[in-house]
Structure formats: structure tokens, C-alpha cells
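S.K.: Okay, handing you the structure first.
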Amino acid sequence: MRKGIFAISILCAAFAVIVIAISMGFPASRGGVPGPGTFPILISILLLVSSITLFISGRTIDKDVTAGLLTDGTKRVYIAMAVMIAYCVVLNKIGFVVTSSFLLFGLIQWFRGKNIVVNAVMSIGIVVFIYSVFTFVLKVPMRFGMFI
Amino acid sequence: MFIYDVVSAVFNPEILMFIVLGVASGICIGALPGLTATMGVALVLPLTFGLDASSGMLLLIGVYIGAIYGGSISAILLRTPGTPASAATALDGYEFSKRGEAGRALGIATLSSFTGGVVSCIALMLISPQLAKLALSFSSPEFFMLAVFGLSIISSVSGKSLSKGFICGCIGVLLSMVGIDAISGYMRFTFDNVNLFSGISYIPVMIGLFAMSQAFIGIEEIATETFVVQKITRVFPHKEDLIKILKTAPLTGLIGTFIGIVPGAGADIGAFVSYNEAKRVSKHPEKFGTGITEAIAAAEGGNNGVTGGALIPMLTLGIPGDATAAIMIGALTIQGLQPGPLLFKDNALLVYTIFFGLLIANFVMMILGFLGIKFFVKILSIPKNILTPIIMLLCVVGSYAINMNLFDVGVMLTFGIIGYFMQKFDIPASPAVLGIILGPMAESHFRRALLMSGGSPLTFISTPISIFFLFMTLVTLFWPLIKKIKRKKKEMV
């Protein structure tokens, strides 16, 4: 937990410095009227101060307190995150129904196990239902990629 | 004539259908531990894109009040609050279940939620028009101070660490600044990416922070299953319970309403404050926690009281009472409407349809609660291992449907991952939402006010309203500090 808090505060402080640096390049204030960079700079200064405060307060956290980032459950979450990222990458190229059916089937089969045919039929059914509601009822076109 | 228009709009079969649909799905979402009211509203939001403003808003409001009530079902039966708002209900509700009186507890919760909801709805109808009338006289300095006051609420929603809350709030404000600057037309933080020219759409951010991150948490605990073994018998309250409910729930509903008006204070706080207040004035405070009618009535009246209260600052001032109200602001803006005093002036029919629809939604919640409780209890048996992947898919579809842009799906997933780690490090997500919503309001009025005053910062304290908001901001910012010092002094004594 302690290391994580330190990392977060350093990351946020770096982010604030970058925003300030970029905002300095925006058109300047004129006649007391703030330019487009003024507000981002003000907020970034507040972010910088808050990050430093978090860093200092992080030193009081007990070293033994952990955020539980390496349990079996969290490892499962990291794999799911990777799966979702891969899904988002291929979604545009393959299409919603095909990609989502594979995603849903894969996740349900992984989490639930049991009958593979039932899981496959259920996954395709759910995806087709969602696709139909959005495409035909809500008129949200979901056609992209090679297939549907 | 106007009243006739409002009544006929609400009793339009299509709108009634959306209210029933919203409340029923809200109860299902709320009953399932791990799915919050905010998550429910975020997931249902894409369904409103194709609807007119009143149908869409009443669908979301139905989900909101249904979910707040639905949380009591698992709180009573499993001692696991479906939503944080029902944590106080679990204290006494589960004691009823242990005695084999789960049906009685569910009945008390249903009637108390209804009473609290109706009280808050009446308060909404009475307070909102007056507040909106007052807000019509605001100009840029007042709106800036109002936005600053709204942002100062971050200090009260930050949990244990103020710095974490401020970090999150600042990042929210900075995110809202991506895109074309509304005043100068200058491109900010777009890095020549076309998808960023019109800014980061905040609905995918919220779906990520509140729904996707929760789905990841669900994956972490995927092995945990819930089963209800108790049979539900009579749910209609007995005469003696009825008297106790009518004595407690209206008052706690009023407490909940006022807590709901305070931006940032949600239904969970409303329930606990109401519970404590009922305990404080009770002749038998020692019985609280042992399973008594007044305790459930207080908690449920309080949390459902918040629902109407949270809509007051949202509709009249454009300031979200809580994260759920923030998503509703998004729903209104998608419909091309700007919440705030002008909404009352330009779209009075819509506003009063929402008010009256909220009242009807509370009746629908009571009817569904009494008649459909056995069905809603069955919802608790839906396996998480099927539900979680479906929620993930709905997050994808929901974020895509806003602008029909796959870039928004990427934004949602990014914030889903960030939101998961935020939960791991006890960083609250609500300040980010306040920042995203109030950031543009604060910046544009800050610059406009200075433009009008020729750069004089005194313009921000030139009217009594501005000074009032400044005072409220200081009180809100320093209140947690004062409380801390008081607590330390008490401990020393």
C-alpha cells in the first residue's frame, strides 16, 4: 500500500508538471482576463500540492498494510483486463456480434465452466439480443468490421 | 391547463411503461450485492438515447429509486447490503430474518421506502421552483462561486484522505479541459487527435469508473455465491408496524431529503444519519440493532428521502447531488438540455413531468415491492459468473452508443482499469465526477466574470449571494478539519 501511494503521488505530481509545461505555451492573459492556460495551471498547482501532501502522509502508512494486488482474485482481474484490451483492439476490425460472442463465451466458460454447448448458445443469444435492441429498437448502428 | 398537460404526459402509457421498467430493473440491480444504483443508472443510460427527454429521465429516475429500495432486499435476507445505502437496514433487517420474519422486514422496508420517497418528492416540488427562481438572478460571478462551492464538496466525499480526494477532483477538472476552449476557441491537450477535439465525453468516463471497475471487482470475488434459504411469507405490515412506520419514516424521509440536497452526501449517509437520529429520540435506543420496526423504517425512509433531495441541486443549479445525479445531468445534456434555472423557464413541462413522474415511480415501487417481492428475491440467485461478463459487455455497448464512436469504448475501459486500482488504494471516484461536471462551469464563469469586470477579482465577492457561497465553501472545506480537531480533543479528555 505504502509503495503504491508513493507511486501514485509521484505520477500525479509528474502529470501536474507536464500540464503546467504544456499550458505555459497557450496564449497569455490579456488585461487581467485569463487566457486558456490560466485555469489548467491553477488546477495543476493544486494537484501538485495535493500529490506532495499525499506523498508525505503516505510515510505514516504501516509497511505491512498491503493493497492486495497479487492475490488469485486480482490475477484473474488482470487477465480479464488484458482480454478486454485485446477485445477493444479487434472489435473495430472483426465486428460486434462475432467478437462479443467470443468474448462472452470465453468469460462465461472461464468463470462458470460446466456445459460448453449451453455456455456457447447462451453467449450468442445474449449478444444477438443486445445487438438487436440497440440496432433495431434504439437505432444505434452497430455495424463495423469485416463481419457483423 | 398546465397541470392537465403534466398529468396527461405522465399518464401517457409509454411513459408509465418506462417508469415501471425502470423501477423493476432498479430493484433487480439494487438487490444484487455489488451492483450499485450509480452503476445501474450508468448501464441503463444508453437506452435513453433514442427516447424523448421525459421518458428517458423517468426511466433513469425509476432505476435510481428502485435500486436504492432494492438494496434492502439483500440487506435483510443476507445481511449484505445490495447498495451502500442499505448498510443501515442490514443492522436490524437481518435480525428479523434470523427470527424467521424476513417477509415482515421486507414489508416494513417497502412501506418506509415509499413514505421517504414521497416526502422527498413533495419537498422537491416545493423547494425546486423557488430555488430556480432565485438562481435566475445569478450572473457569472455567482455561478463561479457556486461551482467553487460544488467543488469544495470534494472535501466531504474524500473519505479518510483529503489529498486523495483533491487529486481525484483536480484530475477530473483537467479532463474536462481537453478539447476546444469555449471562450477563445483554442485547442487544449488534444495532441492533434480528432477524437479529442470536442473533449472527453464524461459518460464513458463514468461508466468506466462506476460500472466497469465494479465488474472487475466482481471478477475478483467471482467464486462467492449467494443463496436465500428462507421462505418469504406475509409482506404487508401489521397494524402495529404500520403505526410505527408512519411515526418514523416521514421524519427520516425529511432528514434524507435535506442530506440529499447537500451536494456529495449520498443515500448511505442519509440512511445512517436517519438511523442515528431515530435511535437518539427513541425511548428504547438499546433495542436498535436487535431487529425493531423503527430502525428499518428510519434507515429506509432516510435513504429513499435522499432520492428527491439529490434532484433539487441537479435540476435547479446544475450541480449533482451525488454520482447518480451526475449521470442524470449527462442524460439531460445528451437530450440537448442544460440543467439549471433556465430549465424551469424553458422546459417547465418536462421539469414538472419529472416531479410528478417521481411521485408515480414511488407508488410503482411500493406496488412492485409488495406484489413482486418473491420474484425479486429469486434475482439474488443469479450467478455472478454469468452476470459479470454481461455487465462488461453492456459497458462496452453503452459507451459506444453515446457518440457511436469506438474511441469512447477505449476511454471507458481505461477509466474502468483506473477505477479498479482507485478502489484498491481507497481513492474515491466521486470527486472526479464533481470535477468533470463542475470544471467547465467554474472555468467559463471565472473567465467571463473577469472579462466583464475588466480583470477585477473583487467581482467574486461583490454580491451577497457570492459572499454566501464563499462562506459555504470555507465552511465545507474546513469542516472535516474542525471535526478532526474536535475528535482529537475528545479523545484527549
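The values are calculated or read from the model by the stated rules, or taken from the named source; none is laboratory data. On a predicted model such as this, the values are computed, not experimentally measured, just so you know. Ideal geometry is used to build each Cβ from the backbone, glycine not excepted, and the neighbour counts take in all protein chains shown.
S.K.: Restricting region A:119-134 to residues that are over 11 Å from B:Gly50 (Cβ atoms) and among the β-branched types (Val, Ile, Thr), which is surrounded by the fewest Cβ atoms within 10 Å (Cβ to Cβ)?
M.R.: A:Val121
S.K.: Do the conditions hold for B:Phe415, that is, is it under 14 Å from B:Ile207 (Cβ atoms) and either facing another protein chain (nearest Cβ under 9 Å) or at pLDDT 90 or above (or both)? Outline the logic, then answer.
M.R.: Working: under 14 Å from B:Ile207 (Cβ atoms): yes; either facing another protein chain (nearest Cβ under 9 Å) or at pLDDT 90 or above (or both): yes.
The answer is yes for B:Phe415.
S.K.: Under 8 Å between Cβ atoms, which residue pairs at least 6 apart in sequence (or on different chains) link something in region A:80-101 that is within 7 Å of chain B (Cβ to nearest Cβ) and assigned to a helix (DSSP H, G or I) with a partner that is basic (Lys, Arg) and surrounded by fewer than 18 Cβ atoms within 10 Å (Cβ to Cβ)?
M.R.: Matching pairs, first to second residue: none at all.
S.K.: Could you tell me which residue of region A:11-64 is surrounded by the most Cβ atoms within 10 Å (Cβ to Cβ), considering only residues that are closer than 27 Å to B:Leu451 by Cβ and polar (S, T, N, Q)? Quick ask: steps written out before the conclusion?
M.R.: Taking region A:11-64 as the starting set, the residues that turn out to be closer than 27 Å to B:Leu451 by Cβ are A:16, A:19-47.
Filter once more, keeping what is polar (S, T, N, Q): A:23, A:29, A:38, A:44.
On the way: A:Ser23: 22, A:Ser29: 15, A:Thr38: 18, A:Ser44: 25.
Ranking the candidates gives A:Ser44 first.
S.K.: Considering only region B:449-472, I want to know if a residue exists there that is in contact (Cβ under 8 Å) with a residue 24 or more places away in the chain, more than 19 Å from B:Ala323 (Cα to Cα), in contact with a Ser or Thr (Cβ under 7 Å, 6 or more places away or on another chain) and away from every other protein chain (no Cβ under 11 Å).
M.R.: yes
S.K.: Taking region A:65-78 as the search range and keeping residues that are hydrophobic (A, V, I, L, M, F, W, C) and within 9 Å of chain B (Cβ to nearest Cβ), which one is surrounded by the most Cβ atoms within 10 Å (Cβ to Cβ)?
M.R.: Applying the filter and picking the extreme gives A:Val77.
Residue by residue, here is whether (1) touching a Cys at 6+ places or on another chain (Cβ under 6 Å); (2) hydroxyl-bearing (Ser, Thr, Tyr); (3) farther than 28 Å from B:Pro13 by Cβ holds:
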residue: B:Leu78; (1), (2), (3): no, no, yes
residue: B:Ala90; (1), (2), (3): no, no, yes
residue: B:Lys98; (1), (2), (3): no, no, yes
residue: B:Leu106; (1), (2), (3): no, no, yes
residue: B:Phe114; (1), (2), (3): no, no, no
residue: B:Met125; (1), (2), (3): no, no, no
residue: B:Ala135; (1), (2), (3): no, no, yes
residue: B:Ser139; (1), (2), (3): no, yes, yes
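S.K.: Consider region A:1-47. How many of its residues are facing chain B (nearest Cβ under 9 Å), closer than 21 Å to B:Lys160 by Cα and part of a helix (DSSP H, G or I)?
M.R.: 7
S.K.: Okay, moving on. Scanning for something closer than 18 Å to A:Gly95 by Cβ, surrounded by fewer than 14 Cβ atoms within 10 Å (Cβ to Cβ), more than 7 Å from chain B (Cβ to nearest Cβ) and at pLDDT below 90, does region A:138-145 turn up at least one residue?
M.R.: yes
S.K.: For region B:303-321, indicate whether the set of residues that are in contact (Cβ under 8 Å) with a residue 12 or more places away in the chain, of a type outside the set (A, V, I, L, M), over 30 Å from B:Gly439 (Cβ atoms) and crowded, with 21+ Cβ neighbours inside 10 Å is non-empty.
M.R.: The answer is yes, given that some residue of region B:303-321 is in contact (Cβ under 8 Å) with a residue 12 or more places away in the chain, of a type outside the set (A, V, I, L, M), over 30 Å from B:Gly439 (Cβ atoms) and crowded, with 21+ Cβ neighbours inside 10 Å.
S.K.: All but one of (1) in contact (Cβ under 8 Å) with a residue 60 or more places away in the chain; (2) more than 19 Å from the chain's Cα centre (by Cα); (3) assigned to a helix (DSSP H, G or I) hold for B:Ala90, so report the exception by its number.
M.R.: Of (1) in contact (Cβ under 8 Å) with a residue 60 or more places away in the chain; (2) more than 19 Å from the chain's Cα centre (by Cα); (3) assigned to a helix (DSSP H, G or I), only one is false for B:Ala90: (1).
S.K.: Pull out all pairs, ordered by first then second residue, where Cβ-Cβ is under 8 Å, the residues are six or more apart or on different chains, the first lies in region B:253-267 and is part of a helix (DSSP H, G or I) and at pLDDT below 85, and the second is β-branched (Val, Ile, Thr) and buried (at least 24 other Cβ atoms within 10 Å of the Cβ).
M.R.: Pairs found: B:Ala267/B:Ile68; B:Ala267/B:Thr83; B:Ala267/B:Val306; B:Ala267/B:Thr307.
S.K.: Quick test for you: out of B:Ala295, B:Ala278, pick the one residue that is within 22 Å of B:Phe96 (Cβ to Cβ), touching a helix residue (DSSP H, G or I) at 6+ places or on another chain (Cβ under 9 Å), part of a helix (DSSP H, G or I) and without any contact (Cβ under 8 Å) to a residue 40 or more places away in the chain.
M.R.: On the way: B:Ala295 fails: without any contact (Cβ under 8 Å) to a residue 40 or more places away in the chain.
So the residue among B:Ala295, B:Ala278 that is within 22 Å of B:Phe96 (Cβ to Cβ), touching a helix residue (DSSP H, G or I) at 6+ places or on another chain (Cβ under 9 Å), part of a helix (DSSP H, G or I) and without any contact (Cβ under 8 Å) to a residue 40 or more places away in the chain is B:Ala278.
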